[in-house]
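The next block holds one structure in the form of structure tokens; read it before the comments.
The values are calculated or read from the model by the stated rules, or taken from the named source; none is laboratory data. It should be emphasised that the depicted structure is a prediction, and the values quoted were computed from it without experimental measurement. Here the Cβ is made from the backbone with ideal geometry for all residues, glycine too, and neighbour counts use every protein chain on show.
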Amino acid sequence: MLSPSWTTGLLLLSVARLALAETLPTLENALVVSGASDFWDVIKSDPELLQLYSSGLVKTVFAPLDSKVDGSGPPQKRALSPKQRREARLQAAKKETEVGEASQSHPGTTVETNDNPPQLDGAGQKVVIDTNGTQSGSNTKRWYRRSSSSSSSSIVDRAANCCNTTYPSLLRISAGLGKITNVIKGDIKYQGGVLHITDGYFTFPESLSASAKGTGQTTFADLVSKNNLTDTLDAAHSITAFLPSNDAFAAINTTTSASAALLANHVVSGVSYLPDLTDGCTLKSQRGDTLSVTVKNGQWYVNGARITQANVILENGVAHIIDKVLTPAKPPPVTAGAGSSMSQTLSLGTVAAAVGGGALLALLALV
């Protein structure tokens, strides 16, 4: 049983927290005052979104500045599409994230959102706060990293009056297609958590094949298509893909007979964003080869291939672009028998098309 002094202390703490909450603005007021009223119009136009943002499941809101929102106007008189609802849920993070703490986590930190695609098996879709600028997508705005001597409030003050294209980027956030969205005003407290104003919506994650094409890795996408594996890889659950650049493929002799093995060696079960790829860790490709991660001078390597762009968020995981092809290890000798005959003659693409993504691991083991 708590002593009277402890009980009194807890009561005073509760009263103080209640008083603080009452002095904070509502999400609506915070958005309007911060120049993101169009995003509030999107939220209140849809009962499902309004319920989510009022439920307590949202602790951090990344709201686009009004000038960066689609110019079609407030959507009160038109229903949002399912994709638009998912885009709005992608802007709602489940935990509170403040600028100062996030900017000090190298090489970044993941932020789980309230978008829940089925291919992530119950996990919320993530975006990645990038603090390793050399391995992010292209970006023309200056990124401000807080020094250990500055305060979080001073960072916010520096961006508070910025309303044009010269504003500093407090945080760089990687989303779909590896595109970067910048936090330009941060740590705005409201009654449910914290609000950050961004220079646009997070880019919506797409399939592996669409992301490979969208980021320029067309050779990889073509090989996937030629092996009839597009649907299989796009439907796979919770994967990490390493996408060699076109130049990387051009540097080797990629034959049709070897391409299926090459593809299998670039896909890993489980989602590993750059912050998860620590020096010395190993991954197992779906072909069964070991992929070893090394970190040297601020650069990340997988089996000697340098990650040139990290954290391309997918519908079903994440991709990292690399500058070399991950050549499979020499396969073990094939023993005689019915099983070996089947493995030599069975068409991987035909079987993949027949059984779908659920049997990807078993299929790729045949190559």
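For region 70-96, name all the residues that are modelled with pLDDT under 90 and under 21 Å from the mean Cα position of the chain (by Cα). Steps first, answer last, please.
Step one: list which residues in region 70-96 are modelled with pLDDT under 90, which gives 70-79.
Correct list: empty.
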Name the pairs: first residue in region 289-301 and assigned by TED's automatic domain parsing to the domain that holds H266, second residue of a type in the set (D, E), Cβ to Cβ under 7 Å, at least 6 apart or on different chains? V293/D279; T294/D279; V295/D279
Among the residues of region 50-63, how many are crowded, with 21+ Cβ neighbours inside 10 Å and among the hydrophobic types (A, V, I, L, M, F, W, C)? 4
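Can you say whether R146 is closer than 23 Å to G193 by Cα and at pLDDT 70 or above, as far as the supplied structure shows? Even if it seems obvious, please write down each step before you answer.
Details: closer than 23 Å to G193 by Cα: yes; at pLDDT 70 or above: no.
So R146 does not fit the description; no.
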Restrict the check to region 217-234 and report whether at least one residue is among the small types (G, A, S) and within 30 Å of G100 (Cβ to Cβ). no
Does at least one position in region 221-230 carry a residue that is in contact (Cβ under 8 Å) with a residue 40 or more places away in the chain and under 18 Å from the mean Cα position of the chain (by Cα)? no
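Working only within region 260-276, note down all residues that are of a type in the set (A, V, I, L, M, F, W, C), in contact (Cβ under 8 Å) with a residue 40 or more places away in the chain and closer than 23 Å to D121 by Cβ.
Initially, region 260-276 is screened for residues of a type in the set (A, V, I, L, M, F, W, C), giving 260-264, 267-268, 271, 274.
From the residues that got through so far, the ones that are in contact (Cβ under 8 Å) with a residue 40 or more places away in the chain too are 260-264, 267, 271, 274.
Answer for region 260-276, where residues must be of a type in the set (A, V, I, L, M, F, W, C), in contact (Cβ under 8 Å) with a residue 40 or more places away in the chain and closer than 23 Å to D121 by Cβ: L263, A264, V267, V271, L274.
Given I252, I184, I173, I197, which one is part of a loop (DSSP other than H, G, I, E, B) and either at pLDDT 95 or above or not assigned by TED's automatic domain parsing to the domain that holds K59 (or both)? Even if it seems obvious, please write down each step before you answer.
Values: I184 fails: part of a loop (DSSP other than H, G, I, E, B); I173 fails: part of a loop (DSSP other than H, G, I, E, B); I197 fails: part of a loop (DSSP other than H, G, I, E, B).
From the options I252, I184, I173, I197, the qualifying one is I252.
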Over region 281-298, the set of residues touching a strand residue (DSSP E or B) at 6+ places or on another chain (Cβ under 9 Å) and at pLDDT below 95 is Q286, R287
Here the residues within region 252-303 that are of a type in the set (D, E, K, R) and either farther than 25 Å from A175 by Cβ or in contact with an Asp or Glu (Cβ under 6 Å, 6 or more places away or on another chain) (or both) are D279, K284, R287, D289, K296
Taking T113, is it at pLDDT 90 or above, buried (at least 19 other Cβ atoms within 10 Å of the Cβ) and over 18 Å from A36 (Cα atoms)? yes
Restricting region 285-301 to residues that are under 21 Å from the mean Cα position of the chain (by Cα) and not aliphatic (A, V, I, L, M), the residue that is nearest to A236 (Cα to Cα): S285
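Among the residues that make up region 238-245, is at least one of them over 28 Å from L277 (Cα atoms) and in a loop (DSSP other than H, G, I, E, B)? Outline the logic, then answer.
To start, the set of residues in region 238-245 that are over 28 Å from L277 (Cα atoms) comprises none.
No: region 238-245 contains no residue that is over 28 Å from L277 (Cα atoms) and in a loop (DSSP other than H, G, I, E, B).
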Odd one out for T131 among (1) farther than 25 Å from L233 by Cβ; (2) buried (at least 21 other Cβ atoms within 10 Å of the Cβ): (2)
Right, D279: closer than 22 Å to I129 by Cβ and acidic (D, E) or not? yes
